[in-house]
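Working notes, beginning with the structure itself.
Nothing in this text is a laboratory measurement; each read-out follows from the coordinates by a stated rule. Note that this is a predicted model, so its numbers are computed, not measured. Cβ placement follows ideal geometry from the backbone for every residue including glycine, while neighbour counts extend to all protein chains displayed.
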Amino acid sequence: MISFDDFKKVELTVGKILSAEKVPETDKLLKLSVDLGEGLPRQIVSGIALYFSDPQTLVGRKSMFVTNIPVRTIKGLESNGMILAISTEDGKFSLLEPSAEIPEGTKAK
């Protein structure tokens with residue numbers, strides 16, 4: 001269990017996926033370019049490729065991202081955030097997406 005104060009530290013932000021491509025020599029990784037309302041897009045590397053046979057289907061979609069975690073290098077690529085998704089043991093998968101038209105850059109309160 002984490003405290004409520006710890007949970008409040010997590011910055012959840014709506015982002016729009018501008019591009020998505022498979023990371024060469026990997027099965028699970030996609031490199032995303034995401035508009036988080038900051039002027040310049042962020043690069044985010046995510047292990048969701050197995051759920052998207054055509055990464056282009058992600059382009060234009062909005063999802064929720066954690067935007068205040070340290071930058072990580074994954075397979076030589078800088079990843080500056082984390083996309084939120086959920087999967088079940090029987091293979092169901094879903095990105096966490098806003099259910100209304102919410103502008104990119106909007107932060108959860």
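Quick one: what are the phi-derived ³J(HN,Hα) couplings along segment 32-44, Karplus 6.51/-1.76/1.60 with θ = phi - 60°, whole Hz, x for glycine and proline?
Going residue by residue, I get 10, 10, 10, 8, 10, x, 9, x, 10, x, 9, 8, 10 Hz, with x marking Gly and Pro.
P(r) for segment 20-99: what percent of alpha-carbon pairs falls in each 5 Å bin, starting at zero?
Bins of 5 Å from zero give 3, 14, 26, 27, 20, 8, 1, 0 percent of pairs.
For Gln56 and Glu101, compute 0.36 nm times the residue count separating them, minus their Cα-Cα distance, and round to one decimal in nm.
14.1 nm
Do any GluC sites (Glu not before Pro) in segment 1-87 lie in a DSSP loop with no more than 15 other beta carbon atoms within 10 Å, and if so, which?
Those satisfying the criteria are Glu11, Glu25, Glu38.
Please compute the length gained on full extension between Thr73 and Phe93, using 0.36 nm multiplied by the number of residues separating them and subtracting their Cα-Cα distance.
4.7 nm
Taking the Cα centre of segment 19-109 as the origin and placing charges on Cβ (Lys, Arg +1; Asp, Glu -1), which of Phe93, Pro24, Ser63 is farthest toward the positive end of the dipole?
Ser63
Starting from the Cα of Glu38, step 7 Å toward the Cβ, then list every residue of segment 50-81 with an amide N under 19 Å from that point.
60-81
Looking at the chain, how many pairs of lysines come closer than 24 Å at the Cα, when each pair is eight or more places apart or spans two chains?
Counting lysine pairs in the chain gives 28.
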